[in-house]
Structure formats: structure tokens, C-alpha cells
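Following: one structure in C-alpha cells, then a few remarks.
The values are calculated or read from the model by the stated rules, or taken from the named source; none is laboratory data. Bear in mind the structure is a predicted one, so any value in this text is a computation, not a measurement. Cβ placement follows ideal geometry from the backbone for every residue including glycine, while neighbour counts extend to all protein chains displayed. We work out accessible area using only protein heavy atoms, side chains counted, and drop any ligands, DNA or RNA first. Shrake-Rupley method; radii C 1.70, N 1.55, O 1.52, S 1.80 Å.
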Amino acid sequence: MTQENIYGNISTVQQQMQRIRQESGFSAETFGHGISDRQAIYNKFDIDDERRQNDTKGFIGSRCIVSAMLVLLALMLAAVFSFTSVKYSEMSATIQRLDMEVSLMRENGSSQMRKVESDILQLKTEGSSQMRKVESDILQLKSEGFEVSLDVKKLERNISQLKDADVQIWTDVQNLEKAFSSLRSQVCDIRSCPCDWKEFRGKCYYFSKGERDWQKAKEFCYNQDAVLAMVKTQQELNYIGSQVSTAHHLGLSDQESESNWKWLDESSVAGSFWNPGEPNNAGEEDCGEITAGKLNDIPCSIKQRWICEKTL
Ligand SMILES: [Ca+2]
Ligand SMILES: [Ca+2]
């Protein structure tokens, strides 16, 4: 639609409005303004009174309804305002209370945080103290372990010294036995045999009081410038047998050759000197003894009394 068409339409409408005014007789100033305008209309078109009264009553009733609605609206607005005010007051109180609670929580949180920090510091302090205690204990244990090690080494040295002393004691015993034998010979030189020795047909015999194995007994006799007794005659066997009531080692063995029994001077032994059934080598018996007046073979490790002899 062009601008010229629009202006043409407007002009057409204005002309129609002017024509309507002229036909109805209303001026532009009175058309559409209140009761006076209506009255003018009534008068113009000659409307009867009853219709006019009804129309006026309806108009007045409409105004009353509008007024009542306005009052009701005002009351509703007042109620809404009152309700809003109450809610606002409650919300303000709630917000204030929440602010206080937040402040209190912050304060409590700070207090608890300080408490936690204090606990952590205390734990660190206690932990350091415990660590120092453990380190001290470790050092003490190391020191004690070192002392124990020293004690063990000291005991080992003592044991070694005791072993050396045992060897020395045994050597001393042998030397004392030699010295004792020499002294006894000097004291008893007026006699045929040393003190505590017995003489029989040109020989001196020593009957021990202690007990030793065959080898130790042999060494004892050697230290006495004697030998384990060798029985060469029946008379000698009878004599020795009469002097002892228990078994005694003699200078007899088959250690060099099994069943080849010889005296220490390599001489043979008479077969009739053996007890019946001997020598039987029962359980490896390689050393000779006298028991019950005759000979028997026994293990060399048996410790028992022995007899030494030496020639006058
Ligand atoms: Ca044997
Ligand atoms: Ca035997």
C-alpha cells in the first residue's frame, strides 16, 4: 500500500464521519461525553422516560460494581502487602539468625582448627620424643651387643688358655711322677726295690691304686723306668695272680698283628697262661690283662689298674 493510497483512505473516512454528524445533528464537541451526551442523544431520538431511567440505573449499577471491585482490589493489595511484610520480617529474622550461626560456626571452626593444630604439634613433639628414645635404645643395644661380643671373645681366650693349661698340667703330672720316682729311689736306695714296689725273683713289681687305659698305663711305667709287667714263667704268673684280686693291665697285645700276641719285648706268650676260651677278640680286644690268675684279652680303652715291673 502506497502513501497516496493511505492518505486517500483517511480522507474517505473523514468525509463519512462528517456526513454522519450532519445527518444526526450532533456536534463534534458533544459526541461521546458523559450523561449530558447521552441526554442529548435521548432527546434527539425521543427515547421514552422508562427506557432512559433503566439505562441510567444500569449505568449507576455498573459504577457501583466498579467501585466495589476497586475496594476489593485495595483490600487484596493491603492483605498481600501485610502478608509480604510479615514474610519479609520472618525472612529478615531468619537471615539474621543464619548470619549468627555462620559467625558462630566460623568461630567454632577456628577454635577446632586451632585445637587440631595443637594436637598435631603435640603428636609431632611426642613422635620426636619417641624417635629419640628408640634411637637411644638402639645405641644402647649396639653397645651391649659389643660388650657381649667382647665377653664371648674373652671366654674363647679363657677356653684356649684352659686347654693350654690342661696340656701343661698333664706334662707337669708326668714330670712330678718322674721326680717322685727319683726321690723315692733316693729315699729307698738301701732297699732292693723302690718304696711301694714288691720284689719277686730279681724283679720289682708296682701294683697301681688308680685306673688308666692300656696306653696311659704303659706311659706311667715308662716314666718309672719300668714297663708293663711281662709274665714269662708259671711261677711269675702265680705270684702276680696272688697279689691282685681284680683285673690288671699287663705288657701284652696283638695290636701289630691280630691274634699274634706278644709281650712288649716281642717275646711270645705261653698258650697255657690264657683263661679257657681266651683270647677270643670279643669286640676287638687287642690288649692283655691278668684276671682270676690267668690271661685274657680286652679292649685297650678300658680303664683299670695295672702292674709295672723292672729288673733289680
Ligand atoms: Ca685281638
Ligand atoms: Ca677276651
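Observations
- Label positions at Gln15 and Phe180, each projected 7 Å from the Cα along the C-beta direction, are separated by 18.1 nm.
- By a 1.4 Å probe calculation restricted to protein chains, Asp164 has an accessible surface near 100 Å², given to the nearest 10.
- Whether the stretch 229-310 is rounded, prolate or oblate, judged on the alpha carbon gyration tensor where a/c under 1.5 counts as rounded: rounded
- Based on Cα atoms of the stretch 103-189, Rg over Rh with Rh as the Kirkwood radius reads 1.81.
- Residue-by-residue Karplus 3J(HN,Hα) for the stretch 256-266, coefficients 6.51, -1.76, 1.60, Hz, glycine and proline x: 6, 8, 4, 6, 9, 7, 9, 6, 4, 8, 6
- Translational diffusion coefficient (Stokes-Einstein; Kirkwood radius from C-alpha pairs) of the stretch 119-253 at 4 °C, 1.567 mPa s, in µm²/s: 62 µm²/s
- Of all accessible heavy-atom area on the stretch 169-279, the percent that carbon and sulfur account for (1.4 Å): 50 percent
- Whole-angstrom gap from the stretch 282-310 to the stretch 67-82, using each part's C-alpha centre: 148 Å
- If you sort Ile138, Ile290 by accessible surface, 1.4 Å probe, largest first, the order is Ile138, Ile290.
- Kirkwood Rh and Cα Rg combined as Rg over Rh, evaluated for the stretch 184-283: 0.97
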